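Some notes on the structure that comes next.
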Amino acid sequence: MKKTTIALSGLTLFLFVACNNGYKEKAEQDSLKIAELQSNYQEATSFNDSLMLLMADIYNGLDSINMQEGLLYNTSNGEHDRRAEVRRNLSAIKQRLANNHALLAQMEKRMKDSGNQNAVLTKTIEQMKQRLEQQDEHIVYLEKQLTLANDSIVNLNNQVAATEQQVQIQTEAKDAAFNAYQEADMQLNTVYYAMGTNKELKENGLLEKKFLGQTKVLKGDVNEAYFTKADKRTLTTIPTGAKKIKIWTNMPEGSYEEVRNPDNTITLKITNSQEFWNYTDYLVIQLN
């Protein structure tokens, strides 16, 4: 009986040890599986995070393109600066599109290398591709429009230059005609008068005493510098500073008056300019 008890105890101990070793081995295997799962999870999470970062960069690029495109229509400088700004904005958009294409290619490569065919990410990548292709086509369209606009501006500038040249020619011709008219008008209305004693008038060739005491007026060599030049439209009075005067030139009576001043000197007042200068443009006054 005692031997039987010992044998049963030994069998029990063996079974306990064997079971304990089995549980320990299974636990170790489970730990390895858990560690592997955790590693795979960390790897998947890191991969997904990197894809999400790439996707965020692409979306930021798309937003940047939209902002740059908005600037194409909101420039505020002059025409030349505005066109230069449009070119810069288009260049920035094209660069951003190229960056987005590169990011998208990088994203696709990572998906392919990982062997992780995520349906949602695959669909998102395809949508991004389509959107970038649409923007590529739109940029091509904008560049064509800019080229057409530049050609139109060049044509308009040429037309404006030709028009300005024509206007300048017409303006110069008009100015020349106006200047000629003014000069002719001035000559037509220019008159000359001279005042002096009998001796002074003779010395300057305005009076010349002839045979039998006859006096000729403006018949010899006249000193033109002795005359004062005036516009008959504005010349209405000529102060003489003399108490007595004599008009030698043929000025119609009734077209002027001799006004006596408070100091007893005489001022010649022209009352009818057209009639006064009707016969001659020269007036000779002798001061006594």
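Descriptive notes on the structure:
- Fully extending the segment from Y279 to N158 would add 37.9 nm, taking 0.36 nm per residue of separation and subtracting the current Cα-Cα distance.
- The dipole here belongs to the range 215-265: it is taken about the Cα centre, uses +1 on the Cβ of Lys and Arg and -1 on the Cβ of Asp and Glu, and is about 100 debye.
- Gap separating the Cα centres of the range 244-288 and the range 88-113, nearest whole Å: 98 Å
- If R0 is taken as 30 Å, the Cβ-Cβ distance between T147 and A98 corresponds to a FRET efficiency of 0.90.
- For the pair D136 and R233, the difference between a 0.36 nm per residue extended length and the Cα-Cα distance amounts to 27.2 nm.
- When the range 150-288 is described by a simple charge dipole with +1 on each Lys and Arg Cβ and -1 on each Asp and Glu Cβ, the residue from T265, Q159, T237 located farthest towards its positive end is T265.
- With every protein chain in place, the range 188-288: carbon and sulfur % of accessible area (1.4 Å): 45 percent
- What the phi angles of the range 125-132 give under the Karplus curve with 6.51, -1.76 and 1.60, with θ = phi - 60°, is a coupling list of 4, 4, 5, 5, 4, 4, 5, 5 Hz, glycine and proline written as x.
- Each residue of the range 167-180 was assigned a 3J(HN,Hα) from its phi angle through the Karplus curve 6.51 cos²θ - 1.76 cosθ + 1.60 (θ = phi - 60°); the sequence is 4, 4, 4, 5, 5, 4, 5, 5, 5, 4, 5, 5, 5, 5 Hz, with glycine and proline shown as x.
- Distance violations [Cα-Cα > 25 Å] among K244/K269; K199/K243; K209/K232: K209/K232
- Accessible solvent surface per residue of the range 85-177, calculated while the other protein chains remain in place, 1.4 angstrom probe, Å²: 69 Å²
- Label reach from D263 (point 7 Å along Cα→C-beta): in the range 231-246, amide nitrogens under 13 Å belong to 239-243.
- Per-pair calculated FRET efficiency, R0 = 30 Å: R88 and D113 via Cβ, rounded to 0.05: 0.20
The values are calculated or read from the model by the stated rules, or taken from the named source; none is laboratory data. None of these values were measured; they are calculated from a predicted model. FYI the Cβ positions are ideal-geometry reconstructions off the backbone, even for glycines, and counts take in every protein chain you see. Protein only, heavy atoms only, side chains kept; ligands, DNA and RNA dropped before computing areas. Shrake-Rupley method; radii C 1.70, N 1.55, O 1.52, S 1.80 Å.
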